[in-house]
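First the structure, in the form of structure tokens, and then the observations on it.
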Amino acid sequence: FRRRIGDGAVAIFYHLGYYSGYAYAEYVKKQLETLNLPLRDVVRVAFDLDRSFGEFNSELVMLDVDGGRAIVRVYDSCEATPIRGRMKIPSCQYVRGEIAGALSSLLGREVIAVERKCIAAGDNYCEFHIEPRKQ
């Protein structure tokens, strides 16, 4: 797909993931609001539930709710596993967008996800560093 469309494919997949993750997180927040859980727990529940969809198996390694920062590791990514070790750079645009969208919704602030490790590039897992979007 990327060869055919070019670098625009990166943006398309990222934004598809972003809006999917954002909508998912909005739904989860609504379902959990009557429980009055702390935000940290809502984020953890959202990530736990997301695992059940089978797109990827995520681990929330670090979460700084106040700072809008997190580190998320993804194992068995549906996007990277089929091309394991064939890419030179991290390549999970949809998953990166989905994580950024979900955490933007859950944390109530715009965040970005930067992929530092990727199964497609030969790493054992994909690792995303989340930080607030600079204004």
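Distance in nm between label sites at Asp7 and Leu35, each 7 Å beyond Cα in the beta-carbon direction?
4.3 nm
Can you match Rg/Rh (Cα atoms, Kirkwood Rh) to one of these, (1) 1.16; (2) 0.97; (3) 1.02, based on a calculation from the structure here?
Computed from the coordinates, Rg/Rh (Cα atoms, Kirkwood Rh) corresponds to (2).
Within the stretch 38-81, list the trypsin sites (Lys or Arg not before Pro) lying in a DSSP loop whose Cβ has at most 15 other Cβ atoms in a 10 Å radius.
Within the stretch 38-81, no trypsin sites (Lys or Arg not before Pro) qualify (loop, at most 15 other Cβ atoms within 10 Å).
Relative contact order for the chain: what percent, with Cα pairs under 8 Å and sequence separation of 6 or more?
30 percent
Please report how far the C-alpha centroid of the stretch 88-108 lies from that of the stretch 9-53, rounded to the nearest whole angstrom.
What the calculation gives is 11 Å, centre to centre.
Mind checking the full-extension length gain between His129 and Ala23? Use 0.36 nm per residue of separation minus the Cα-Cα distance, one decimal, nm.
36.1 nm
Rank-order 7-13, 92-98, 116-122, 77-83 by packing density, defined as the average count of other C-beta atoms within 10 Å over each peptide's residues, highest first.
The densest-packed peptide leads the list: 92-98, 116-122, 77-83, 7-13.
Rounded to the nearest 20 debye, what is the charge dipole size of the chain about its Cα centre when +1 sits on each Lys and Arg Cβ and -1 on each Asp and Glu Cβ?
That gives a dipole near 500 debye.
Obtain the nm distance between the two label points defined at His15 and Thr81 by a simple spin-label model: each point lies 7 Å from its Cα along the Cα-to-C-beta direction.
The two pseudo-label positions are separated by 2.9 nm.
Fewest Cβ neighbours within 10 Å first, please rank Met62, Met87 accordingly.
On the way: Met62 11, Met87 15.
Least crowded to most crowded, the residues run Met62, Met87.
Coordinate-derived values only; no laboratory data. Computed from a predicted structure; not experimentally measured. Note that we place each Cβ from the backbone using ideal geometry, even for glycine, and neighbour counts take in every protein chain shown.
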